[in-house]
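S.K.: Just dropping this structure here.
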Amino acid sequence: MNQSVTVRLDGVSVSRGGSRVLHDLTLSLAERRIGIIGRNGSGKTTLARVIKGLLTPDHGQVRVAGLDPSARTREAAAAVGFLFQNSDHQILCPNVGEEIAFGPIQAGMDKDAAHAAVTRLLSAQGVADWIDRPVVALSEGQRRLVCLLAVLILEPRVLILDEPFNGLDIPTRRGLMAFLEDLPQQILIISHDVESLHDADRLLWLEAGKIHDDGPPPLVGPRFLKAMDRAADIRAEGAA
Amino acid sequence: MIALASASANRRGARIMRAIPAGLKLAGLALIGAGLLFVENAFALGGVFALCLVLAWAVGAAPLLRALLPPAFMLALAFVAHLVLGDWQVGLVMILRIGALLLLASVVSASTGVSEMLAVMDRVLAPLRWVGVATRPVGVACMLTLRFAPMLGARWQALGEAWRARSPRRAQWRLVTPFVISTLDDADRAADALAARGAFARDD
């Protein structure tokens, strides 16, 4: 894995319906594990979508491994893997094997080779028998794993996970964390649950589309939690 | 259909059926289907029906048989109608023929992956490609239909429950607008998911 800067944003602004969602962001992301925290509507998901190339910024430039992620080329599409917040929004095929083979086939791999790659991947996870299972028969945690495998089979340089731990029970959450820890990819995790990110190398705190704080979790995490407590207090006083 | 697409894979019969190329199975199904129309003998049809039952059992398709209960009920009704209104032998021939075909079609769909079916369709559509029509989106669209059809049903049900949770009146047509809007939202998300995995990437 390339240790140099893989994600670079330069003066990136995004507007939606007249209001700025991202405000002139300039960032270099090189750390292996980066957490992006912030309140609802702070622009976390928009930032992730810009890095993946699902959204083209109104101003500024995004580069991932030197490529423009919103270019519709196979190379750019493969550079970043994106795990959607809701597994049901990501799954496109009726059964597991086809879902995981979808990306490689779109990337031009022939069907037999894709099938073999899926079989290898599932066997490595000890779930070879999932290949013909309908996705509707899987639990939420199992579906999350299928979504993750469907992204990993494309061997992206950068992995973006949008609230990956939402809706998972504690053992599944721990299992997923351990699984992510072993991945060679650079990983950006979006979350408002700062505790799940204490092992990250860097925390970015977004507030109203700007970087509010940026640093190691032991520094940024407590500040964030304190600010959240304060915000809750102010609202309680206002209501009283 | 989708619930059927998973005959237990560890049975020998299932493995054999899976190993047969999808094109061959579909062609066989079409031929047998057409052939059965010319068989009028109730004993011969009964034999075919029994063979189909054995085949369904051999691929380990017990859940498959449960899924066939509603059509079986319809067939039983049709037989009763024949019994009451006319010739019970004609009714028997009819339900044996349709029953055998239903069983056979279910066995084929349970032992054939969706991607294999799509590959057959891709070959059948090849002439369109020769005249310059892109056929790849057709396959993707079929896949998406199979994936989202049950989700649309679930969405309608969820909207109905959300309505009933807060209203004593029946929802009926009032659900149509939120249903259409949420379906369009789903379509947006599906487009994102397609883009995220390179479905719109050009070959360059």
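S.K.: Check B:76, B:42, B:110, B:126 and return the single one that is under 20 Å from the mean Cα position of the chain (by Cα) and either under 26 Å from residue B:143 (Cβ atoms) or touching a residue at least 12 places away in the same chain (Cβ under 8 Å) (or both). Write out each step before concluding.
M.R.: Values: B:76 fails: under 20 Å from the mean Cα position of the chain (by Cα); B:42 fails: under 20 Å from the mean Cα position of the chain (by Cα); B:126 fails: under 20 Å from the mean Cα position of the chain (by Cα).
Only one candidate passes the filter, namely B:110.
S.K.: Can I ask one more? How many of the residues in the stretch A:68-82 are assigned to a loop (DSSP other than H, G, I, E, B) and either in contact with a Pro (Cβ under 9 Å, 6 or more places away or on another chain) or modelled with pLDDT of 85 or more (or both)? So that I can check it myself, show each step before the final result.
M.R.: Step one: of the stretch A:68-82, the residues assigned to a loop (DSSP other than H, G, I, E, B) are A:68-72.
Still in the running and either in contact with a Pro (Cβ under 9 Å, 6 or more places away or on another chain) or modelled with pLDDT of 85 or more (or both): A:68-71.
Residues meeting the conditions: 4.
S.K.: Here is a follow-up. Please enumerate the residues belonging to the stretch A:122-143 that are under 21 Å from residue A:167 (Cα atoms) and either of a type in the set (Gly, Ala, Ser) or within 13 Å of chain B (Cβ to nearest Cβ) (or both).
M.R.: We begin by selecting, within the stretch A:122-143, every residue under 21 Å from residue A:167 (Cα atoms); these are A:134-143.
Matches in the stretch A:122-143: A:134, A:135, A:136, A:137, A:138, A:139, A:141, A:143.
S.K.: Can you work out which of the residues in the stretch B:139-183 that are open to solvent by 80 Å² or more (accessible area, probe 1.4 Å) and under 22 Å from residue A:135 (Cα atoms) is nearest to the other protein chains (Cβ to nearest Cβ)? Outline the logic, then answer.
M.R.: Within the stretch B:139-183, the first condition is being open to solvent by 80 Å² or more (accessible area, probe 1.4 Å), and the residues that meet it are B:145, B:156-157, B:161, B:164-166, B:168-170, B:172-173, B:177, B:181.
Those left that are additionally under 22 Å from residue A:135 (Cα atoms): B:145, B:156-157.
Working: B:145: 9, B:156: 15, B:157: 14 Å.
Out of the qualifying residues, it is B:145.
S.K.: Something else about it: Take residue A:105 and tell me if it is facing chain B (nearest Cβ under 9 Å) and open to solvent by 10 Å² or more (accessible area, probe 1.4 Å).
M.R.: On the way: facing chain B (nearest Cβ under 9 Å): yes; open to solvent by 10 Å² or more (accessible area, probe 1.4 Å): yes.
It is true that residue A:105 is facing chain B (nearest Cβ under 9 Å) and open to solvent by 10 Å² or more (accessible area, probe 1.4 Å).
S.K.: Given the conditions (1) charged (D, E, K, R); (2) without any contact (Cβ under 8 Å) to a residue 12 or more places away in the chain; (3) open to solvent by less than 60 Å² (accessible area, probe 1.4 Å), and given that residue B:97 satisfies all but one, which numbered condition is not satisfied?
M.R.: For residue B:97, the exception is condition (2).
S.K.: A follow-up question, please. Go through the stretch A:216-229 and count every residue that is among the hydrophobic types (A, V, I, L, M, F, W, C) and buried (at least 17 other Cβ atoms within 10 Å of the Cβ). First the steps, then the outcome.
M.R.: Let us first name the residues in the stretch A:216-229 that are among the hydrophobic types (A, V, I, L, M, F, W, C), namely A:219-220, A:224-225, A:227-228.
Keeping just the survivors that are buried (at least 17 other Cβ atoms within 10 Å of the Cβ) gives A:220, A:224.
The number of residues fulfilling the criteria is 2.
S.K.: Any idea which of (1) within 14 Å of another protein chain (Cβ to nearest Cβ); (2) open to solvent by less than 70 Å² (accessible area, probe 1.4 Å); (3) within 17 Å of residue A:89 (Cα to Cα) is the one residue B:118 doesn't satisfy?
M.R.: (3)
S.K.: Here is a check on your reading of the model: is residue B:193 assigned to a helix (DSSP H, G or I), open to solvent by less than 40 Å² (accessible area, probe 1.4 Å) and within 12 Å of another protein chain (Cβ to nearest Cβ)?
M.R.: Working: assigned to a helix (DSSP H, G or I): yes; open to solvent by less than 40 Å² (accessible area, probe 1.4 Å): yes; within 12 Å of another protein chain (Cβ to nearest Cβ): yes.
Spelling it out, residue B:193 is indeed assigned to a helix (DSSP H, G or I), open to solvent by less than 40 Å² (accessible area, probe 1.4 Å) and within 12 Å of another protein chain (Cβ to nearest Cβ).
S.K.: Moving on to the next point. Checking the conditions here, which among A:201, A:182, A:213, A:162 is more than 14 Å from residue A:33 (Cβ to Cβ) and surrounded by fewer than 19 Cβ atoms within 10 Å (Cβ to Cβ)? Let's see the steps before the verdict.
M.R.: Working: A:201 fails: more than 14 Å from residue A:33 (Cβ to Cβ); A:182 fails: more than 14 Å from residue A:33 (Cβ to Cβ); A:162 fails: surrounded by fewer than 19 Cβ atoms within 10 Å (Cβ to Cβ).
So the residue among A:201, A:182, A:213, A:162 that is more than 14 Å from residue A:33 (Cβ to Cβ) and surrounded by fewer than 19 Cβ atoms within 10 Å (Cβ to Cβ) is A:213.
S.K.: Would you call residue A:100 open to solvent by less than 40 Å² (accessible area, probe 1.4 Å) and either at the interface with chain B (Cβ under 8 Å from one of its Cβ atoms) or more than 23 Å from residue B:144 (Cβ to Cβ) (or both)?
M.R.: no
S.K.: For residues in the stretch A:83-93 being open to solvent by less than 10 Å² (accessible area, probe 1.4 Å) and assigned to a loop (DSSP other than H, G, I, E, B), which is nearest to residue A:132 (Cα to Cα)? Even if it seems obvious, please write down each step before you answer.
M.R.: Within the stretch A:83-93, the first condition is being open to solvent by less than 10 Å² (accessible area, probe 1.4 Å), and the residues that meet it are A:83, A:87, A:90-93.
Among the residues that remain, those that are also assigned to a loop (DSSP other than H, G, I, E, B) are: A:91-93.
Numbers: A:91: 15, A:92: 15, A:93: 11 Å.
Top of the filtered list is A:93.
The values are calculated or read from the model by the stated rules, or taken from the named source; none is laboratory data. Owing to the predicted nature of the structure, the values given are computational and were not obtained by experimental measurement. All Cβ positions, glycine included, derive from the backbone under ideal geometry; neighbour counts span all protein chains shown. Please note that ligands, DNA and RNA were not included when accessible areas were found on the heavy atoms of the full protein model with its side chains. Shrake-Rupley method; radii C 1.70, N 1.55, O 1.52, S 1.80 Å.
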